[in-house]
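The values are calculated or read from the model by the stated rules, or taken from the named source; none is laboratory data. This is a predicted model, so every value here is computed, not measured. Using ideal geometry, Cβ is built from the backbone for each residue, glycine included, and neighbour counts are taken over all protein chains shown. Just so you know, the surface numbers come from the protein's heavy atoms only, side chains and all, with ligands and any DNA or RNA stripped out. Shrake-Rupley method; radii C 1.70, N 1.55, O 1.52, S 1.80 Å.
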Amino acid sequence: MTQADTTTFTEAFEKPTEADWHALVEKALKGGDFEKRLVSKTADGLWIEPLYPRREGASPIVSQMSGKPWRVSARVDHPDSATACEQALNDLTNGVDTLTLVFPGGKSSRGFGVGCDTVDELDAALKGVDLSMIRLRLDPAPAARIHAAMVAALVAKRGYEPKALDIEFGMNPIGSLTTSGLLPAPWTYMAEKLSEAAVDLKSRGFVGPFVTCDTRAYHEAGASEAQELAAALAMGVCYLRALTNNGVAVDDACQMLAFTIAVDADQFAGIAKLRALRRLWARVEEASGATPKPVRINAETAWRMMSARDPWVNMLRTTMATFAAGIGGADTCTVLPYTSPLGLPDGFARRIARNQQTVLIEESNLWRVADPVSGAGGYEALTDQLCEAAWLAFQDIEREGGIIDSLAAGATQKRIAETHAKRAVDVAKRKAALTGTSEFPMLDEAPVDVLDVSKLPKRGAPSAKSGPPPETFADMVDALSNGAARGDVTGTISGGGVKADILPSLRLSEAFEALRDASDIHLTVTGSRPTVFLACLGPIAQHTARSTWIRNLMAAGGIEAEQQAGFETAQAAADGLTASGAMIACICSSDTIYSDMAVDAAKALKAAGAAKVLVAGRPGDAETDLTAAGVDGFVFAGQDMVALLTSLQKDLGVASA
């Protein structure tokens, strides 16, 4: 007998090197620029290359939930306590294990929020909910100390043992600067009250976390990944200083903190951002003299990426974001229902939101491997770059005096605004494509259902009665336990506060949605949408690429593009324009047909009464002749399409354009 060959399949082939791969790529590019064609860049200018070697010796970055599924959260945000309770119980029955109480006045409430002014009302909103069996989160909002006191009073009323509960109290006073533009008192006073509340809650047996570093407002305003991480670190350090300066041991202070982070549909950046946050915060803990432990990170699918037009696409966006959150190591994830930009979601939208997570947990089993991208060269490299960029941005904030002074001076807001402006240009040029909004829109999309609930009046901190507030957090809990309402435990504080410019809440699709809204109004008033006539020249094979592109572009601006079969002569195209009654024509065909017919077609269309004649594509050498023939403009990729479509709407008599 001969000995069996033990050569593995891969050993039978010569192992290629990175240099071999680059040689083949250069051949395939045929002189094309490698960086422009194959390297993408993040909003921070970080490179994402097409190929990375495995990172040898990499260690997994663990979370609090490593080895267990992340917690599936649902928002409790209906203004009516009974309805809020019904929704919460339905969510808990069907896969949710975490409830996030969203109170009015916070940016994330979107004009709604569970309307609880007393402990009894909060009890009604959570009727039938066994707090010992779930995780309860308080979404950061104005008057967070009052909300925390209400929950503490509710726990006492129901007779729970606090240490047996998993409650995140969500106090985040710095958030007031970004949402309302005001800290009502000097930071030293606010820090003292925050620390007092955290210490009191801990003394009652609550485990926490008590304080949440919430970066969603920064993300909504347009922050890059590094800017959002820098804000998270700056807030966390500010709270650590506040707690330790008021007598809390540094290790205890670290355990009192949690983070809430927005995650969008960019899976590479989203996964790397969460991993980078854990690594960066461990460095802060180490530098502070604490023993690094996995901090709680709550992920929420990003408001910035949500669209009001073709909202079904939001299901894809939020699924991708949830995937990134799960792989990136989020401990809790909240999915914004796909109809959120249109109003308060109904039962179907809430069901989809929780099922997106259930499928990824139960069917895709994403949780079964802790940090599954550990060792993957691309993710490790991007995580490293993000850590470096975020740490430098964090140092900038610290040099400005910390997050509060930076916000008060407008420095952080300015940097984020500059990042947003660059991203807005990419959106307007459709370089950053928004499916269903700037790309592949549906002019006649069917409406979706949302609950018929009016938004609440703008509300911040509860109205205060005259006189000082309760002396201590314990006094506040006692007062609420004895039937006091929010306003009864809120006092007035005069002078010494901090003011700052608020961070705007922006969605990427808003510019295109405004054009669609204007088109809808025009349709209601006139009975028809603004229309452009497509003068398609030659056979369909010659014009279909550009005519299809133009139709999609026009629809993104709420403009119908009337198209007929390709015209064989310039006069036939002019007759088609006359029959359509349109004011504006756009010539569409191939460069070959343009060289033969475009000049004559432009002249004929102008003679037929076209107020404006456009040509789809770059003009090239024919620009002078085409302009002389009456062409008013050229439409091609890379232009500011929002400006172009706005101009066309004005030409077509859309009043609000």
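In the range 185-267, inverting the average of 1/r over every pair of distinct C-alpha atoms gives 13.6 Å as the Kirkwood radius. Average projection, convex hull of the Cα set of the range 1-106: 16.7 square nanometres. Is the shape of the range 233-294 best called rounded, prolate or oblate, per the rule: a/c under 1.5 gives rounded, else a/b larger than b/c gives prolate, else oblate, with a ≥ b ≥ c the square roots of the Cα gyration tensor eigenvalues? Since a/c reaches 1.5 and a/b is larger than b/c, the shape of the range 233-294 is classed as prolate. Can you pull the percent of the chain's accessible area that's carbon plus sulfur, 1.4 Å probe, other chains left in place? Using a 1.4 Å probe with all protein chains present, the chain comes out at 53 percent carbon and sulfur. Near residue 348, once Lys and Arg are set to +1 and Asp and Glu to -1 for all other residues with Cβ below 12 Å from its Cβ, the sum equals +1. For the range 50-153, the spread of Cα coordinates along the three principal axes comes to 58, 28, 26 Å, biggest extent given first. What is the distance in Å between the Cα centroid of the range 497-538 and that of the range 609-657? Going from one Cα centre to the other spans 18 Å. For the range 391-399, the Karplus equation 6.51 cos²θ - 1.76 cosθ + 1.60, evaluated at θ = phi - 60°, returns couplings of 5, 5, 5, 5, 4, 4, 5, 5, 5 Hz by residue, with Gly and Pro reported as x. Separation of the alpha carbons by more than 27 angstrom is noted, of 68/107; 36/422; 127/202; 107/429; 36/429, for 68/107; 107/429. Estimated from helices alone, the mean residue ellipticity of the chain at 222 nm is -13500 deg cm²/dmol (sum of -39500 (n - 2.57) over DSSP H runs with n ≥ 4, per residue). Residues in the range 332-447 average 43 Å² of solvent-accessible surface per residue, probe 1.4 Å, ligands and nucleic acids excluded. Once both labels are positioned 7 Å from their Cα atoms along Cα-to-Cβ, the gap between residue 541 and residue 431 label points is 3.6 nm. The heavy atoms of residue 196 present about 50 square angstrom of accessible area, all protein chains included, probe 1.4 Å. Note on residue 374: accessible area approximately 20 square angstrom, rounded to 10, probe 1.4 Å, nucleic acids and ligands left out. Taking a Cβ cut-off of under 10 Å around residue 294, the surrounding Lys, Arg, Asp and Glu residues balance to a net charge of +2, with basic ones at +1 and acidic ones at -1. Distance from the alpha carbon centroid of the range 92-131 to that of the range 145-176 works out to 12 angstrom. Placing 533, 636, 348 in order of accessible area, with the largest value first and a 1.4 Å probe, yields 348, 636, 533. Against the chain, whose longest principal axis is taken from its Cα atoms, helix 187-203 shows a tilt of about 60°. Each Lys or Arg adds one and each Asp or Glu subtracts one; over the other residues with Cβ under 14 Å from the Cβ of residue 202, this totals -3. Reducing the range 398-429 and the range 366-395 to their Cα centroids gives an inter-centroid distance of 23 Å. Take the range 74-194 with all the other protein chains still there, run a 1.4 Å probe, and you get 31 Å² of accessible area per residue.
Here the chain is treated as a sphere whose radius is the Kirkwood value from Cα pairs; by Stokes-Einstein at 20 °C and 1.002 mPa s it diffuses with a coefficient of 78 µm²/s. Using only side-chain charges placed at the Cβ, +1 for Lys and Arg and -1 for Asp and Glu, the dipole size of the chain relative to its Cα centre rounds to 740 debye. For the range 87-96, 3J(HN,Hα) computed residue by residue from phi via the Karplus equation (6.51, -1.76, 1.60; θ = phi - 60°) reads 5, 4, 5, 5, 4, 5, 6, 10, x, 7 Hz, glycine and proline entered as x. In the complete set of protein chains, residue-level accessible area for residue 352 is approximately 40 Å², probe 1.4 angstrom. Applying 1/(1 + (r/R0)^6) with R0 = 25 Å to the Cβ-Cβ distance of residue 40 and residue 637 gives a FRET efficiency near 0.90. With a Förster radius of 35 Å applied to the C-beta separation of residue 188 and residue 346, the computed FRET efficiency comes to 0.15. Were the residues from residue 315 through residue 121 laid out at 0.36 nm apart, the gain over their Cα-Cα distance would be 66.5 nm. Put a dot 7 Å past the Cα of residue 510, heading toward its Cβ, do the same for residue 625, and the two dots end up 4.7 nm apart.
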